[in-house]
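*Asks:* Below is the structure I would like to discuss, written out as structure tokens.
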Amino acid sequence: MTHAAGLIGPNAIIQFGEAVAALEGVAGRERLFDEAGQKAYLSHPPTALVPETDVLRLHAEFRRFATDNRRRSASWLAGRRTADYILAHRIPGFAQAIILSLPRFIAAPLLGAAIAKHAWTFTGSGRFQRGRGQGFSFEIQDCVLCRGLTSERAECEYYCGAFERLYAVLVDPDVKVVETACKASGGACCRFAFTWGEGIRRALSRALDPVGARAQQPNR
């Protein structure tokens, strides 16, 4: 299915604004939206897809006056809040119950497939895919949040927060998601690697690489 390029879900703006307000206060949020030319979104929160350039302007403006740690915290919190919205309003309760009832090594890729199906809502004109190579990961090509940015560090904490929250609630409460490659810092794409609790880590290893898992088993 083809979707309009250059548009992204409204939570990229709404939840980022809420995260900034939580960290910088309502006045800080108003300043950000005003100086980014996006003040209309405060009086009329978006209910449909928004231009991804509006999201870029907000992040660029916040980068201009916020400290590095504050900015990264706001981006991560916005992603987490977006995941909470998805859990409350976009994934039906029966679907969540099914995922929770499954063995976690099955639930993890199943949830990943659902995320991939709806990726256009949060990647805009970027391209989402399951990571290649060892381990469980997601990749975003031409990521909106770091497009045109040069940095010494990974910049896409928003997606780390969102993916980690979804998987912590539905698959493994001990999961951690880290951006191990970022277009802004010279990566070929933005890559988000998952680290699991011990039980699911062993099960996923066997499911994703059964030959390697058997090879690691001690001889009896």
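The values are calculated or read from the model by the stated rules, or taken from the named source; none is laboratory data. Quick caveat: nothing in here was measured; it's all calculated off a predicted structure. Note that each Cβ is placed from the backbone with ideal geometry, even for glycine, and that neighbours are counted across all protein chains shown.
*Asks:* What pairs come up if the first residue lies in the range 28-54 and is at negative phi and of a type in the set (A, V, I, L, M), the second is part of a loop (DSSP other than H, G, I, E, B) and crowded, with 16+ Cβ neighbours inside 10 Å, and their beta carbons are under 6 Å apart, counting only those six or more places apart or on different chains?
*Replies:* Val50/Pro10
*Asks:* Scan the range 108-125 for residues that are among the hydrophobic types (A, V, I, L, M, F, W, C), buried (at least 21 other Cβ atoms within 10 Å of the Cβ) and farther than 15 Å from Leu170 by Cβ and jot them down.
*Replies:* Trp120, Phe122, listed by residue number.
*Asks:* With respect to Val20, determine if the residue is touching a residue at least 24 places away in the same chain (Cβ under 8 Å) and in contact with a strand residue (DSSP E or B) (Cβ under 8 Å, 6 or more places away or on another chain). Quick ask: steps written out before the conclusion?
*Replies:* Details: touching a residue at least 24 places away in the same chain (Cβ under 8 Å): yes; in contact with a strand residue (DSSP E or B) (Cβ under 8 Å, 6 or more places away or on another chain): no.
Answer is no for this residue.
*Asks:* Please state which of the following conditions Ala5 fails to meet, knowing it meets all the rest: (1) out of contact with any helix residue (DSSP H, G or I) (no Cβ under 6 Å at 6 or more places or on another chain); (2) modelled with pLDDT of 95 or more.
*Replies:* (2)
*Asks:* Just give me the residues in the range 140-193 being assigned to a loop (DSSP other than H, G, I, E, B) and either on the phi > 0 side of the Ramachandran plot or of a type in the set (A, V, I, L, M) (or both), in sequence order.
*Replies:* Start the filter on the range 140-193 by keeping residues that are assigned to a loop (DSSP other than H, G, I, E, B), which leaves 142-156, 171-175, 182, 186-189.
Answer for the range 140-193, where residues must be assigned to a loop (DSSP other than H, G, I, E, B) and either on the phi > 0 side of the Ramachandran plot or of a type in the set (A, V, I, L, M) (or both): Asp142, Val144, Leu145, Gly148, Leu149, Ala154, Val171, Val175, Gly186, Ala188.
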